[in-house]
Every structure is written in structure tokens, then in C-alpha cells.
């Protein structure tokens with residue numbers, strides 16, 4: 001049987017089966033996974049109300065689903081009023097529209113509260129999944145922006161993208 005070069009269409013009750021090993025999909029194949037992680041020990045220090053890149057990934061042309069998990073750590077006396085995180089095509093910039101960043105669906109998450117001092121308790125935001133269909137290699141940023149006073153706040157976490165087609 002020769003190599004398949006076109007779309008696969010299971011007919012007559014057939015089914016597509018996945019691999020039955022622990023291998024990864026190769027670059028350019030459906031299922032390809034791209035990730036970037038910043039560990040808690042390397043958390044990115046934030047400045048109040050200023051967007052910051054926590055990390056980024058470079059995606060080649062294709063159709064991708066992107067998710068991220070962003071974690072925040074606080075100084076002992078930090079007073080926080082809002083924490084926001086998003087997936088963006090613009091460096092250090094959150095969504096330009098309410099609740100989104102122009103990726104076509106809502107790629108951002110936010111937590112707003114009356115001022116509080118969370119002390120040593122970490123907080124987390126889950127973002128996505130977001131569909132991104134691109135024609136050329138593109139950098140995708142995981143961005144944090146918080147409003148806080150008195151002490152320090154930092155962000156870390158993981159962004160991941162899976163090629164869907």
C-alpha cells in the first residue's frame with residue numbers, strides 16, 4: 001500500500017485509528033503539539049497595570065487549538081484588585097476587544113475582585129481553547145496583566161497548541 005497524500009475519508013463503516021504507541025505526531029502532522037512552560041522559580045515579575053509576556057510559542061501555517069494555564073504568586077503584603085491573562089498575537093498586549101484578542105473566539109480570562117491580600121495562596125487562570133488559523137509562521141504570546149499595590153506579583157505557566165488539521 002502506498003503513502004496517502006490526500007484527505008482520508010472512511011467509507012463503508014471504516015474508522016480512522018490513532019497510533020498505539022507513546023510516540024508524538026511529527027511536525028506538520030495533525031496532532032502536532034507545541035508547548036512552552038515557565039516554571040514557578042522563573043516566574044515573570046509584573047508591574048501593576050502593564051501587560052507582560054509570560055512566554056510565547058512559534059506556530060507554523062495551519063489550524064491550531066491553543067490553551068494555557070497561567071499561575072500567579074504574590075508577595076506577603078500584595079493587595080490585588082484584578083488578574084488578567086490571555087493568548088495574544090501582539091507582544092505584551094491583552095485583548096483589544098472586550099473578552100477577546102481578535103483570534104476569533106474568547107482567548108482571555110480575567111479575575112476581578114475587591115482589593116484583597118491573598119498572601120501565599122497562588123491563583124490560576126485557565127485560558128482557551130482558542131482556534132487560530134494562520135497562513136504563515138506566527139508568534140503567539142501568553143500575556144498577563146494585573147492591578148495590584150504594596151508588594152510584588154509574578155506569573156508563570158504553560159501555553160500549548162495542537163495542530164487540528
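No value in this document is a laboratory result; all are computed from the given coordinates. Since the structure is predicted, the reported quantities are computational estimates derived from the model, not experimental observations. All Cβ positions, even for glycine, are placed from backbone atoms using ideal geometry, and neighbour counts span all protein chains on display.
Structure notes:
- Inter-part distance where the range 21-56 and the range 133-161 are each reduced to a Cα centre, Å: 9 Å
- Residue separation of residue 77 and residue 117 scaled by 0.36 nm, minus their Cα-Cα distance, works out to 13.8 nm of gained length.
- Maximal additional length on extending the residue 49-residue 23 stretch stands at 5.1 nm, based on 0.36 nm per residue less the C-alpha distance.
- Legend: calculated FRET efficiency, residue 152 to residue 37, from the Cβ-Cβ distance at R0 = 25 Å, rounded to 0.05, equals 0.70.
- Burial ordering of 142, 164, fewest other beta-carbon atoms within 10 Å first: 164, 142
- In terms of packing, defined here as the mean over residues of other Cβ atoms within 10 angstrom, the peptides 35-45, 122-132 line up highest first as 122-132, 35-45.
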